[in-house]
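Step one of this worksheet: look at the structure below.
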Amino acid sequence: MAARDPHGVGAPWGAFHVVGKPNRKVDGLAKATGTAVYADDIALPGMLHAKTLRSPHAHARILSIDASQALALPGVHAVISGRDLPIKYGVIPWTQDENALALDKVRFIGDPVAAVAAIDEDTANAALKLIRVEYERLHAYLDPREALERHDPAIHEGHKTGNISKHVELAFGDVDAELAAAQLVVEGDYSFHGTTHAPIEPHCAVAQVGADGLLTLWSSTQITHYVQRALSRVLELPAQRIRVVQPCLGGAFGGKSDPFSLEFTVSKLAMLTGRPVKMLWTREEVFYAHRGRHPMQMHYKTGVSREGRISAVDAKILIDGGSYSSFGLVTTYYAGQLLTGPYDFKSYRFDSTRVFTNKPPCGPKRGHGSVQPRFAFEVQLDEIAEQLALDPIELRRRNFQGSHVRTVNGQRVTSNGFLQCLDEVSRASRWSERRGKLGRGRGLGVAGSMYISGTNYPVYPNPMPQAGIQIALERSGRCTVFTGGNDIGQGSNSMVAYVVAEELGLALDQVRVVAADTDLCPVDLGAYSSRVTFMVGNAAIDAARKLRAQLVEALALEWKIEPGRVHLAEGRASDSGDPARSISSAEAIQIAEARFDTLGSTGSYNTPQLGGDYRGGTIGASPAYSFTAHVAEVEVDEQTGRIRVERVWIAHDCGRALNPMIVAGQMEGSAYMGVAEALLEHHTLNRFGLHAGPNLLDYRIPTSVDTPELAALIVESLDPEGPYGAKEAGEGPLHPSLPAIANAVFDACGIRLRELPFTPGKVLAALRARKAAAPQEAR
């Protein structure tokens, strides 16, 4: 029987030596022992420390800034303001509306106004108190509905649509006709609060100008390439004169995927003083900078047949974007474009509007743009199942869209393991036996979702690869892989090592990964939209297979055998036709180097042409989609209103699990964040625009005591275009947690929770409303 290609998508597990195994992370030991270097660990000779003066007003004009007293303070080396950095920036080229330091006005409490570089943090903080700023206060918009209707004073003068950041209205099929013909129409309002990322590491940046005039910035960023581009624009330096390095990162979750004020200010201060400058934000400053989950007010109307088949979905969404654009253009599209799976819609329409308000700017948080609509829609599906007397899992099965299909809005779906996900959570939770039978106050709820594995839409349009890899293979047997990809704790550097070790037949400890350094590594667009495994993984395979071909050819010629007999695995090269012929990978590399010269290769990945043929049709288009189903089990105390989530079963179709241990960790971490957003987290401001509690005491996230039992159930659909069939696993598994909890609460005590977070007060209010609405005789 002919041997199967061990590196093809359909390869059996046993054919792999590295991929599919629970291997260690390449940086795990360094992090566990405290030897890993984070941005704040960097200390350079003569280094100054910088601090930022922030606005005390939500909306005001800056009339004057007097820094003379601060400059006179001993130990202060420089003070800068917006006039020193007047060029606007923004991660999206068409919506560049931020200054590193406010130029003419401030737009939220915490907006950066000036920065000081001094010999230490205490001196810098003392100098901030000596800076005199005169403001003219303006009307502050804290309600997105008001910002939608009123535009004077405008938050951004000259913005052609006033306080409207972005408006998208798209329709696919005849929604009105389908709703009119539907045998059941359910509609309702749903509200998603704001939440933030709360990574363990605050933002930090260190800048140095070398003797050669080159600027180096070390930053806790997840987008080194985009930061380099933004620095080049704002500082008016050629990009090749700027080096951006991401050290080890203590979490991000999307919160470090914008260029931030501190990166520009430390760079400018280093240029002015001729000394290295560091800025470490406090936890309070991280809350002010925000970029977290957008609050959304959502109205959904869904039409179905008697059998539960979806014929029409109509959505109207109001998005509170905060004070600046950030990724908001994309958010406004994602809020509608990413709802069209895993279910088949006959027709679909969404009207999505993002407005500016005088709050910290919102941006991308894990599951960017689609967690909020998914919550609303999955709760509404449960309402439909209730009215049709259908099992909620059966309703979802009946609307499954299938594999290798086009969605109603033109997105190409390849592999789709959603039905298997439903099967897994149904089996593990014993859904059929237990739902509706757990007794008063206890219940099960289900929800599903899909998410992108990278986006077809680069932040700045260009025909160049979205991911690049370089490999150097050295005669000692050492392999060094250079990737611009950003490892933010999710294990992307490890993924690169696994792929290259698998392809070249090396032991894992023979592979070194050099990452996220714009001087050393090829361009990669960053860690966002769950793109790294799919795109960087494919680029790594591309580069490694070129070297593999050289190794195989050289050994076949040396041993005078057919190339198909050369076997590379686990640090050895051998002849499958003669088991006695076996050499170390170092010896194999030396044979290849002697024949082909110094060994090295490059690889890249770019998406195929994707998306619908209409304006915005490429936004949300992805080379592959992951699919997820959750079942949550809850206990509701009807006396106190407290919800306790006891278990969450998470089934996620990740294509192929390149490392099942890491995939399970991502699934569990995603579900944990979903539970946190459902029950505890709330990024809220008071009536003046001041954050209600910018710290990790007042901003509540679950401790180990609050965390439910999490069961990760990996489903592998093997995507035809993913690396070894892999798809994303870092963001998709978050989405269903929130609606699954809401639906479980209904199973437990008969109340629908449509407004997040699910606080005890809201639960008690819903219980009272249910009792008041019940017929008198039933009381």
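The values are calculated or read from the model by the stated rules, or taken from the named source; none is laboratory data. The shown structure was predicted, so the numbers you read here are calculated from the model rather than taken from an experiment. Note that we place each Cβ from the backbone using ideal geometry, even for glycine, and neighbour counts take in every protein chain shown. Just the protein is used for accessible areas: all its heavy atoms, side chains included, with ligands, DNA and RNA removed. Shrake-Rupley method; radii C 1.70, N 1.55, O 1.52, S 1.80 Å.
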Response to the item:
Relative contact order in percent for the range 588-662 (Cα pairs under 8 Å, 6+ apart) equals 20
Worksheet entry | Stretchable slack from GLU646 to ARG398, in nm (0.36 nm times residue separation minus alpha-carbon distance) | 86.4 nm
Worksheet item: Relative to the present Cα-Cα distance, how much length would full extension add between ALA30 and ARG430 at 0.36 nm per residue of separation?
Response: 139.9 nm
Worksheet entry | Solvent exposure of the range 394-441 as accessible area per residue, Å², 1.4 Å probe | 46
Worksheet item: When DSSP assigns beta bridges and you keep just the ones with both residues in the chain, what percent turn out antiparallel, to the nearest 5?
Response: 80
Worksheet, complete the sentence: With every protein chain kept in place and a 1.4 Å probe, the range 481-583 has an accessible area per residue in Å² of 33
Practice prompt. For the chain, give the percent of accessible area contributed by carbon and sulfur heavy atoms, probe 1.4 Å, rounded to a whole number.
Written response: 51
Worksheet item: Can you give the % of DSSP beta bridges in the range 149-247 that are antiparallel, to the nearest 5?
Response: 55
Discussion item. Once each part is reduced to its C-alpha centroid, what is the distance from the range 620-653 to the range 699-735 in angstrom?
Written reply: 11
Fill in: Protection proxy ranking of 297-303, 767-773 - average other beta-carbon atoms within 10 Å, highest first
297-303, 767-773
Worksheet, complete the sentence: Expected vector for the range 201-209, Karplus 3J(HN,Hα) from phi with 6.51, -1.76, 1.60 and θ = phi - 60°, integer Hz, x for Gly and Pro, equals 9, x, 5, 8, 8, 10, 10, 8, 9
Worksheet item: If packing is taken as the mean number of other Cβ atoms within 10 Å per residue, what is the order of 424-430, 687-693, highest first?
Response: 424-430, 687-693
Discussion item. For a protection proxy built on the mean count of beta-carbon atoms within 10 angstrom, sort 704-713, 747-756 highest first, please.
Written reply: 747-756, 704-713
Practice prompt. Return a whole-number percent for the relative contact order of the chain, with Cα pairs under 8 Å and 6 or more residues apart as the contact set.
Written response: 16
Practice prompt. Quote the FRET efficiency, to the nearest 0.05, computed for ARG406 versus SER582 with a Förster distance R0 of 51 Å and r equal to the Cβ-Cβ distance.
Written response: 0.55
Worksheet entry | Gyration tensor (alpha-carbon) shape descriptor, the range 567-674, a/c threshold 1.5 | oblate
Worksheet item: Is the shape of the chain rounded, prolate or oblate, going by the alpha carbon gyration tensor and its root eigenvalues a ≥ b ≥ c, with a/c under 1.5 for rounded and a/b larger than b/c for prolate?
Response: oblate
Worksheet item: Between ALA389, SER403, ALA376, whose Cα lies farthest towards the positive end of the dipole of the range 376-417 when Lys and Arg beta carbons carry +1 and Asp and Glu beta carbons carry -1, centred on the Cα centre?
Response: SER403
Fill in: Mean Cα-pair separation over length for the range 311-359, i.e. relative contact order, pairs under 8 Å, 6 or more apart, %
64
Practice prompt. Note the full-extension length gain between ALA177 and VAL37 as 0.36 nm times their separation in residues minus their Cα-Cα distance, in nm to one decimal.
Written response: 44.4 nm
Worksheet item: If you build the Cα gyration tensor of the range 624-779 and take the root of 5 times each eigenvalue, what three semi-axes come out, in whole angstrom, biggest first?
Response: 33, 21, 13
Worksheet item: For the residue pair ALA769 and LEU214, what label-to-label distance in nm results when each label sits 7 Å from Cα along the Cα-to-beta-carbon direction?
Response: 6.1
Fill in: Separation of the ASP637 and GLU553 label points, Cα + 7 Å toward Cβ, nm
7.1
Practice prompt. Can you tell me the dipole magnitude for the chain around its Cα centre, using point charges on the Cβ only (Lys, Arg +1; Asp, Glu -1), in Debye to the nearest 20?
Written response: 720
Worksheet entry | Rough spin-label spacing in nm, given labels placed 7 Å along Cα→Cβ, for LEU272 and ASP509 | 5.1
Discussion item. Given the DSSP H assignment, sum -39500 (n - 2.57) over each helix run of at least 4 residues in the chain and divide by its residue total; what's the result at 222 nm in deg cm²/dmol, nearest 500?
Written reply: -8500 deg cm²/dmol
Worksheet entry | Dipole in debye (nearest 20) - the range 167-303, about Cα centre, beta carbon charges: Lys, Arg +1; Asp, Glu -1 | 960
Worksheet item: Antiparallel DSSP bridges in the range 627-733: what percent, to the nearest 5?
Response: 60
Worksheet item: Rounded, prolate or oblate: which fits the range 146-293 when a ≥ b ≥ c are the square roots of the eigenvalues of the alpha-carbon gyration tensor, with rounded for a/c under 1.5 and prolate only if a/b beats b/c?
Response: prolate
Discussion item. Per residue, how large is the accessible surface of the range 126-214? Use a 1.4 angstrom probe and give square angstrom.
Written reply: 50
Discussion item. Placing unit charges on C-beta atoms (Lys and Arg positive, Asp and Glu negative, everything else neutral), compute the dipole magnitude of the range 340-393 about its Cα centre in debye, rounded to 20.
Written reply: 560
